Amino acid sequence: MTSKKRTIAQRTRVAVIGGGAAGYFGAIACAEQHNSVEVTVFEGTRQPLYKVGISGGGRCNVTHHCFEPEALAEGYPRGSRELLGAFKHFQPRDTVAWFVRRGVKLKTEEDGRMFPVTDLSATIIDCLQKSAAKAGVAVRTGARVVAVRRVDDAASSQLELELKGGERMRFDQVLLATGSSPQGYKFAEILGHKIVPCVPSLFTFSIKDPRLTQLSGLSFPAVRLALLTEGKKPPEQIGPVLITHWGLSGPAVLKLSAFGARQLYASRYQADLLVNWISDHDIDSVLAEFHAHREQHPRRAVVTGCLLPLPRRFWERIVSLAGVDKNVTWSHCTRAAMKQIATELTGGRYRIVGKGEFKEEFVTCGGVDLREVDFGTMESRICAGLFFAGEILNIDGITGGYNFQSAWTTGWLAGRSMGTASVRKSCDSSVQ
Ligand SMILES: Cc1cc2nc3c(=O)[nH]c(=O)nc-3n(C[C@H](O)[C@H](O)[C@H](O)COP(=O)(O)OP(=O)(O)OC[C@H]3O[C@@H](n4cnc5c(N)ncnc54)[C@H](O)[C@@H]3O)c2cc1C
């Protein structure tokens, strides 16, 4: 029987480049959907699913407890529009069900992050590896792909992979799931795709400021942060903030770093930050509270009586920097000093001087331009038979399980679509 006469399902050979979260999910979805398709994962290292292992401090923050696609999509500074449609097919509720069907229960923490009940990322790795083996997926580790080229002849149109060492193989369809590896971007680029330049996302802010020194460890439940960048509506976030020994951290800072990633990169991480430490107040409401308090407790010392929900040590610092001596009572506190304190609390200006540490989750923004990918199938709009999933795409989420969810969703969609005939035009480029 010639290859032309065989049915597409009988002859389809699928290669997945990259044995991470997206690659495994895509490979399993494809093999489970199409019994007769031959699926092989090529993982360059000896340790597939390495990032799954180290994520969430070794507990693997699998997804986020948010089952409304619209609300979930808001957690993606890049890719929210494209993922919104994709989440209608596979969202965190499906992720939870997928793992439960395979014997892995997930639990939700107060902040919405979801982990395996075992609190061990090994549980997720084990589940993915067993599911892949059960579905008949072949996994080749230590198999680094060094080139992908298109080979078109009269009978077929295929993609050829070349491994380190020289081995060459042809496949009908290829899923590129190489994460943020430069090699993966290069494959995509030479096959005709535009790569949006990569810059870091999810980081803390380095700030050297006398208002913060020696206050590390103090936390604030609801701070409003606004990044002051020229000529644009400043990105803003409200949420918990933590003072660290190098500046500011906490969920609101990480979110702002993601939404302002490109602006901050362009400014070399030098920017002004407007901080309202008590986001449900503004300067007028704070001044009104001060005046009412002054009427009622004229003899109380300003420094000892913080009437706002703020850590005592922070209040003392701000009062002292406003020039209010520790013996000054409310009745002797000048209007100018009260105004300065209120301004500091609701609109303090801080200078970001660098990108700080965040060791728990490393993510880059940038990658394959989303306009060139069909989010119904995850197939390239440029090169037939080429699919994408995971971090190789110009998608990134805020911290809390959003990045893995994007890998599961795009991997699942790609896997379900592969194994059937590609209808797109082929590209004529080759990659070395
Ligand atoms: C420390 C850390 C903690 C994190 N914590 C979280 C978290 O708690 N929650 C969350 O949602 N996200 C977290 N993330 C992000 C999350 O890990 C990634 O978004 C996710 O792993 C992306 O999956 P991926 O499959 O696209 O890429 P990857 O996991 O990077 O997998 C890509 C794979 O491709 C392989 N590869 C690359 N090039 C080649 C080649 N040429 N040939 C063969 N193989 C190749 C790589 O070796 C790798 O195994 C964390 C990331 C880090 C680094």
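Read-outs throughout are calculated quantities, based only on the coordinates presented, and are distinct from any laboratory measurement. Since the model is a prediction, treat every value here as computed from it, not as a measurement. Note: ideal-geometry Cβ built from the backbone for every residue, glycine included; neighbour counts use all protein chains shown.
Tabulated data for the structure shown
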read-out	value
Dipole magnitude of region 203-357 about its Cα centre (Cβ charges: Lys, Arg +1; Asp, Glu -1), debye to nearest 20	280
Rounded Å value of the spacing that divides the Cα centres of region 48-81 and region 317-343	45
Long-range amide H partners of F203 with built H, under 5 Å	S257, A258
Nearest-20 debye value, region 255-341 charge dipole, Cβ charges on Lys, Arg, Asp, Glu	300
Estimated inter-spin distance, S331 and L228, nm [label 7 Å along Cα→Cβ]	3.8
Antiparallel bridges, percent of DSSP beta bridges restricted to the chain (to nearest 5)	75
Net charge contributed by nearby residues that have their C-beta within less than 15 Å of K130 (K/R +1, D/E -1)	+1
At R0 = 25 Å, FRET efficiency that the Cβ-Cβ distance of K194 and A266 yields, to 0.05	0.85
Relative contact order computed over region 203-357 (Cα-Cα under 8 Å; 6+ residues apart), in percent	33
Summed side-chain charge close to D209 - residues other than D209 whose Cβ falls under 13 Å, Lys, Arg +1, Asp, Glu -1	+3
Segment I54-V100, length gained on full extension (0.36 nm per residue, minus Cα span)	14.4 nm
Sorted peptide list for 18-31, 177-190, 103-116, criterion being average Cβ within 10 angstrom, highest first	18-31, 177-190, 103-116
Label zone at K208, where the point sits 7 Å out along the Cα-to-Cβ direction: region 219-245 residues whose backbone N lies under 15 Å	245
Cut-off 14 Å between beta-carbons: net charge of the residues surrounding A22, Lys and Arg +1, Asp and Glu -1	-1
Cα centroid of region 134-203 to Cα centroid of region 280-305, whole Å	64
Length-normalised contact order for the chain - Cα pairs under 8 Å, 6+ apart - percent	25
Gain on full stretching of the segment that runs from D152 to R349 - 0.36 nm per residue minus C-alpha separation	64.9 nm
